[in-house]
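The values are calculated or read from the model by the stated rules, or taken from the named source; none is laboratory data. Small disclaimer: the values here were computed from a predicted structure and weren't measured. A quick note on method: Cβ atoms are made from the backbone with ideal geometry, for glycine too, and the neighbour counts reach across all protein chains shown. What goes into the accessible areas is simple: the full protein's heavy atoms, side chains included, and nothing from ligands, DNA or RNA. Shrake-Rupley method; radii C 1.70, N 1.55, O 1.52, S 1.80 Å.
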Amino acid sequence: AKSAGGNRFEFADAEADARAITRHGLTTALPAALERGEFFIEYQPLVHLDDGSVHGAEALVRWCHPQHGVLGPDRFIPLAENTGLIVPLGRWVLQEAVRQARFWQDGAPGGHRATGPLRINVNLSPTQLQHPGLVAETVDVLERSGLEPGALCLEVTESALIGADDDLLKPLRQLAEMGVDIALDDFGTGYSNLANLRRLPVSVLKLDRSFTQGMQQHPADPVDLKIVEGIVHLAHSLELAVTVEGVETGAQAQQLRELGCDTAQGWYYARPGAPDRIHSLVLADAV
Ligand code: C2E
Ligand code: CA
Ligand code: CA
Ligand code: CA
């Protein structure tokens, strides 16, 4: 007779198989999904911590799969990375997000608000960084939309840039020279050498959500607070702005404001959503 343990293993195997099949199925379905227009973008506002006004929005891609429903990026971005499909998919996200940002700017009186033009943040994966067409394509997208380069921020993860050589940094330098902001995403998770920051063409640090989560305890861990305070101090002395992710409560927002962070993003302000949401927030700010 089979032991319960044996059954458990069979169950686990079946689950692993189902996951593998889905992974394989999703991977092979990606190119057609892009052609059929099954991807869409949700936007999450980035707000100024001092007054809560909208600074911009981050573009977050989703896949509306005909059988599996809406899939988050964690389900398919790694697959798109492996197969190289991330290059055309990333190009589509950039085009679409930049077009959307231009549209928001047109909607606000004068196209600009008191705090400057509305900005758009787009994630770049490591494969896109290595793609030789990155700079030319970005220039092209900006020129065709009429969005000023200074309104675009490209987010690159800290781990993608650890140990980066000059070849990898060159396209980022070129984009930064044009006025495009480069943000170091998920900062604090990659064990990068802080002194190395000076070498990178970045103008924004995005503090990883794990720091914000550490502040959820009451009272917040004093060591966590010291670490964030230290990072903010260092960032500002290098003339980098600090954005925090994953702000879920007013208490966290207050604490991060006191620690000197510049902008924030998180469910406390808004979940990622349809573009109209940003449009109405911007219009509300502009009055
Ligand atoms: P990320 O760049 O770190 O994006 C932030 C993630 O945190 C998003 O997850 C967002 O929905 C989530 N988030 C925002 N506020 C909160 C909060 O208050 N609490 C919690 N618990 N979570 C919050 P999402 O949309 O699932 O995206 C996951 C990751 O997928 C992103 O992490 C990014 O690395 C990647 N990604 C998304 N869109 C793209 C894209 O167009 N291209 C590439 N290459 N990667 C993308
Ligand atoms: Ca990001
Ligand atoms: Ca992040
Ligand atoms: Ca993240």
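Remark: pairs (first residue in the stretch 249-277, farther than 24 Å from residue 59 by Cα; second residue part of a helix (DSSP H, G or I) and open to solvent by less than 60 Å² (accessible area, probe 1.4 Å); Cβ separation under 6 Å; 6+ apart in sequence or on different chains) = 259/228; 259/232; 260/232.
Highlighted here are the helices (runs of 4 or more DSSP H) found entirely within the stretch 93-186 that include at least 2 residues which are more than 16 Å from ligand 1 (Cβ to nearest atom), at pLDDT 95 or above and open to solvent by 40 Å² or more (accessible area, probe 1.4 Å): 134-145, 166-178. Out of 264, 274, one residue alone is touching a Leu at 6+ places or on another chain (Cβ under 6 Å) and either within 16 Å of ligand 1 (Cβ to nearest atom) or among the hydroxyl-bearing types (Ser, Thr, Tyr) (or both). It is 264.
Yes or no: the stretch 53-61 includes at least one residue that is closer than 25 Å to residue 241 by Cα and away from ligand 3 (no atom under 16 Å from the Cβ). Yes, that holds for at least one residue. Residues of the stretch 242-256 include none that is more than 16 Å from ligand 2 (Cβ to nearest atom), part of a loop (DSSP other than H, G, I, E, B) and hydrophobic (A, V, I, L, M, F, W, C). Close contacts from the stretch 146-166, counting a first residue that is touching a residue at least 60 places away in the same chain (Cβ under 8 Å) and closer than 14 Å to residue 125 by Cβ and a second that is β-branched (Val, Ile, Thr) and more than 16 Å from ligand 4 (Cβ to nearest atom), with Cβ to Cβ under 9 Å and a gap of 6+ residues or different chains, come to 155/182. Tallying residues that are within 16 Å of ligand 2 (Cβ to nearest atom), surrounded by 17 or more Cβ atoms within 10 Å (Cβ to Cβ) and not in a strand (DSSP E or B) within the stretch 204-226 yields 4.
Let's see how each residue does on (1) open to solvent by 30 Å² or more (accessible area, probe 1.4 Å); (2) at pLDDT below 95:
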position: 244; (1), (2): no, no
position: 247; (1), (2): no, no
position: 252; (1), (2): no, yes
position: 257; (1), (2): yes, no
position: 265; (1), (2): no, no
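Of all residues in the stretch 17-53, those being at pLDDT below 95 and part of a loop (DSSP other than H, G, I, E, B) number 4.
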